[in-house]
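A short worksheet on the structure shown next.
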Amino acid sequence: MDVIMALVIVLFAFWFYAKTGKADLTKYIQFSYSITSLLPALVFIVLWLLQKGLDFNIVLTGLAWRIYILFQILPRAIYLWNEPSDE
């Protein structure tokens, strides 16, 4: 299941990049900075609350690259969410 989720995340990242290749993302990058400044702290709070049922040697590795990918595609996702469709 983890491999399938990883593949889906990477495919979505490619899709976001394909859809927003020439878009001006300046204001969306600034907005995503406010989200990305809070997200790691919130994730660590949740991990601390669930610490008895987690193996941190496994969780932190997978979580690290997933959060990195999220930070890379977040401005593009916000752009796609807010921009009106041309159809």
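None of the figures in this text is laboratory data; all of them are computed from the coordinates on show. The structure presented is a predicted model; accordingly, all values stated were derived computationally and were not measured.
Numerical summary
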item: Axial C-alpha extent at least 30 Å, average Kyte-Doolittle at least 0.5 - helices from the chain (DSSP); result: 26-49, 56-82
item: Amide hydrogen neighbours beyond the local backbone of ALA23, cut-off 5 Å, H modeled; result: none
item: Pairwise Cα inverse-distance average, inverted: Kirkwood Rh of the chain (Å); result: 14.6 Å
